[in-house]
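Everything on this sheet refers to the single structure shown next.
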Amino acid sequence: MIHPNRRHLVRTRELLAQDMGMAMGTFGNKKPYAAEGFPAPISSEGARVLLWDGEQTTAYLAGEPVPALPPMEGPEVLLDRQEAAASLDVGPRTWDGYKADSELTRHLVDVCGVEHWPRGAVLAFKDARPGKGSAAGRPKGRANAAPRGELRPRTLRQRSRSPTCAARSRSRRR
């Protein structure tokens, strides 16, 4: 999660390597972000791209106490793919299909090349989705209106009663 007022502070691996004066190869080999005391990523677990809070990493690199992040509450907090999926109780691959909805695409926020959505937009999308009760089709526990074996005789009877139905049927056969 990213607090909307801290978007400008977000750091990627590349930016951290620059901040530390390391080449990306060295940074990748040494993995200084795995050192004890290094601030935890602000990206969700399992995220494809790791992100850190710049204020925290700057303080750590300067040998100063690492400040705490602000509370991540409210509808404006930005959620990444995994967090948005978890908010809807679906998997990230299902979210990938949902995120194409116009109600979500208009709220898309790019943070260092990573897609995020405001929590409020994700929850509004969740509330607007149809539930199990609104699904179209036959109600649960109901059988066919007529058994399949009776459909043809019923159709023939109906066609014999309605001259327009019979005339349409004959014109289609020609």
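The values are calculated or read from the model by the stated rules, or taken from the named source; none is laboratory data. Here the structure is a predicted model, which means the values were calculated and not measured. Glycine gets a Cβ as well: all are built from the backbone with ideal geometry, and neighbour counts include every protein chain shown. Ligands, DNA and RNA are stripped out before the accessible areas are found, and what is left, the full protein with its side chains, is counted by its heavy atoms. Shrake-Rupley method; radii C 1.70, N 1.55, O 1.52, S 1.80 Å.
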Neighbourhood charge, 10 Å Cβ-Cβ cut-off, centred on L9 and excluding it, Lys, Arg +1 and Asp, Glu -1: +1
Using θ = phi - 60° and Karplus 6.51 cos²θ - 1.76 cosθ + 1.60, couplings along segment 109-119 (whole Hz; Gly, Pro as x): 10, 8, 10, 6, x, 10, 6, 9, 9, x, 4
Largest to smallest accessible area among K30, K99, K126 [probe 1.4 Å]: K30, K126, K99
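Between T155 and R93, what is 0.36 nm times their sequence separation minus the Cα-Cα distance? Round to one decimal in nm.
Gain in length upon complete extension: 17.8 nm.
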Under the Karplus curve 6.51 cos²θ - 1.76 cosθ + 1.60, θ = phi - 60°, whole-Hz ³J(HN,Hα) for segment 99-107, x wherever Gly or Pro sits: 5, 7, 5, 4, 5, 9, 5, 6, 9
